[in-house]
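Asker: The following block contains the structure, expressed as structure tokens.
Each reported figure results from applying straightforward, stated rules to the coordinates on display, with no laboratory input. Note that the structure is a prediction, hence the values are computed from the model and not measured. Cβ sites come from the backbone with ideal geometry, for glycine too, and all protein chains shown count toward neighbours.
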């Protein structure tokens, strides 16, 4: 991976003795290019990929899974161990549950969840029915409100995120392939601007942490590239599935900034941009993180 | 001279406590990566500075820097260089400049500016994610900056 100059080498060596006592396996200690992610002993994920030119300053793409401890990695490689799968099961039930004034469930129109194959790999994208750039959450609520006559779900709520995980799972292993065409180019440019904006009193941009310093520890946490191909993410820390916008919000808050709202245009555009930074990696969600 | 006038102005405004005259964030003079004049009259206290460096709600310097002497504080980061020997590598005036506003010394650095009041993009109220109620004070006070400088001076190889 990209090696940075400065005194890092010496610092890292000192760190190895000083604080690696916790016994976690980290990217710095192994060649990420030889680490394989095989789910359920058979599904091989692409966790290292070449970036699409012109999208970012990254010279290799790494799935966030590579930056986690051996134990956390193992949880994601077995669907029986992955706590995110409990929520997928719940979503399967919701998929078949009739709700709203039209007497319909998701299944009424879409049949089996497997009909959602490919969706997660290509979103956010221009939605013909909404007439604007849409995330999966927006499409789900569009169906609920306008096709089922049901109440919309909270953008980062448990039901929404579980449903997103079910939809995501149908694309697992497919390469992320989010397009930037003329219809969404302005959104993409806006998202890129936000990615490089140094926000808050700490004046830190997404790029400061996830492009310039991935593979390095910030306090106890090992910084990844902040990729979203693994979302939704089950976090051991809060014991639930976390959506992309909830994660963005947490990261922006940590710069001592006033955050954007989940579901806001700013975060939709940022999601589009961040998604394209991961084009070529496999869809790996629902992932497991610390 | 400038400081004397400044502290008088502050006294007139009635905002300063009895202890020390301070140089306000916007009045700090950076010269070639150094700030010669201490920000307060009261000499820095290395023990207090050590606490600022190691405490999350204060400087939280260890989030990004490793300090061997601070092994009692768990989890040091590796975003910035180790601070071991910082007292040998830099003069007091240089350390003061780095802590007060590292961007004046290392352009575009990720290191936050600790003695600055803006302008910021979307400033927030600490780690709440909310808009602040009014103008934000600098991340560290003038005295805390002096304390941190005093602590860093003790870090010799």
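Asker: Would you give the gap between the C-alpha center of the stretch A:114-144 and the C-alpha center of the stretch A:232-247, rounded to a whole Å?
Answerer: The distance from the Cα centre of the stretch A:114-144 to that of the stretch A:232-247 comes to 20 Å.
Asker: OK, next. Just counting partner chain Cβ atoms within 10 Å, what average do the residues of peptide B:70-76 show around their Cβ?
Answerer: 4
Asker: Taking the number of other C-beta atoms within 10 Å as the exposure measure, put B:99, A:268 in order starting with the fewest.
Answerer: A:268, B:99
Asker: If the convex hull of the alpha-carbon atoms of the stretch A:144-290 is projected onto planes in all directions, what is the mean projected area in square nanometres? Don't skip to the end; give the middle numbers.
Answerer: Numbers: hull surface 38.4 nm².
Average of the hull's projected areas for the stretch A:144-290 equals 9.6 nm².
Asker: Here's a follow-up. Taking the Cα centre of each part, how many Å lie between the stretch B:114-130 and the stretch A:183-219?
Answerer: 16
Asker: Shape call for the stretch A:239-290 from the C-alpha gyration tensor, a ≥ b ≥ c root eigenvalues: rounded (a/c under 1.5), prolate (a/b greater than b/c) or oblate? Could you put the intermediate results ahead of the total?
Answerer: On the way: a/c = 2.04, a/b = 1.26, b/c = 1.61.
Judged from the Cα gyration tensor, the stretch A:239-290 comes out oblate (a/c at least 1.5, b/c at or above a/b).
Asker: At q = 0.12, 0.15, 0.19 Å⁻¹, what base-10 log of I(q)/I(0) does the Debye formula yield for the stretch A:59-202 when every alpha carbon is treated as an equal point scatterer in vacuo?
Answerer: With no solvent term, the Cα-only Debye profile gives -0.63, -0.95, -1.28.
Asker: Still on this model: Just the ratio, please: alpha-carbon radius of gyration of chain B over 2.2 N^0.38 Å, N its number of residues.
Answerer: Normalised by 2.2 N^0.38 Å, the Cα Rg of chain B equals 1.05.
Asker: Moving on to the next point. Taking the mean number of other Cβ atoms within 10 Å as a proxy for protection, how do you rank B:121-129, A:128-136 from highest to lowest? Can you show the working numbers first?
Answerer: Working: B:121-129: 17.4, A:128-136: 15.9.
Ranked from most to least packed, the peptides come out as B:121-129, A:128-136.
Asker: Follow-up. What does the helix-only formula give at 222 nm for the protein assembly as shown: each DSSP H stretch with n ≥ 4 adding -39500 (n - 2.57), the total divided by the residues, and the result rounded to the nearest 500 deg cm²/dmol?
Answerer: After summing the helix terms and dividing by the residues of the protein assembly as shown, the value is -9000 deg cm²/dmol.
Asker: Let me ask something else about it. In whole Å, what is the distance between the alpha-carbon centres of the stretch B:47-62 and the stretch A:45-101?
Answerer: 36
Asker: Can I ask one more? Please say if the protein assembly as shown is rounded, prolate or oblate, where rounded means a/c under 1.5 for a ≥ b ≥ c the square roots of the C-alpha gyration tensor eigenvalues, and otherwise the choice is prolate for a/b larger than b/c and oblate otherwise?
Answerer: Since a/c reaches 1.5 and a/b is larger than b/c, the shape of the protein assembly as shown is classed as prolate.
Asker: Sticking with this one: Once a ≥ b ≥ c are taken as the square roots of the eigenvalues of the Cα gyration tensor of the stretch A:85-169, is the result rounded (a/c under 1.5), prolate (a/b larger than b/c) or oblate (a/b not larger than b/c)?
Answerer: In terms of gyration-tensor shape, rounded.
Asker: Residues of A:254-263, mean number of Cβ from any other protein chain within 10 Å of their own Cβ, rounded to a whole number?
Answerer: Working: counts 3, 8, 13, 10, 11, 6, 2, 1, 0, 0.
Partner Cβ neighbours, averaged per residue: 5.
Asker: Next question, about the same structure. Considering every residue in B:110-123, what mean count of other chain Cβ atoms within 10 Å of its Cβ is obtained? Write down the numbers at each step before the final one.
Answerer: Values: counts 11, 4, 8, 3, 2, 0, 2, 1, 2, 0, 10, 11, 13, 8.
Shielding by partners across B:110-123 averages 5.
Asker: When the convex hull of the C-alpha atoms of the stretch B:107-157 is computed, what volume per residue in Å³ does it have?
Answerer: Convex hull of Cα atoms, per residue: 122 Å³.
Asker: In whole percent, what relative contact order does chain A give with Cα contacts below 8 Å and a gap of six or more residues?
Answerer: 25
Asker: With both partners inside chain A, how many of the DSSP beta bridges are antiparallel, as a percent to the nearest 5?
Answerer: Close to 80 percent.
Asker: Which one, A:55, A:274, A:47, has the greatest fluctuation when you compute a Gaussian network model over chain A with C-alpha springs under 10 angstrom?
Answerer: Looking only at A:55, A:274, A:47, the biggest GNM fluctuation is shown by A:55.
Asker: Using Cα pairs closer than 8 Å and at least 6 residues apart in sequence, work out the relative contact order for the stretch A:85-169, in percent.
Answerer: Numbers: 94 pairs, mean separation 32.5, N = 85.
Computed over the stretch A:85-169, the figure is 38 percent.
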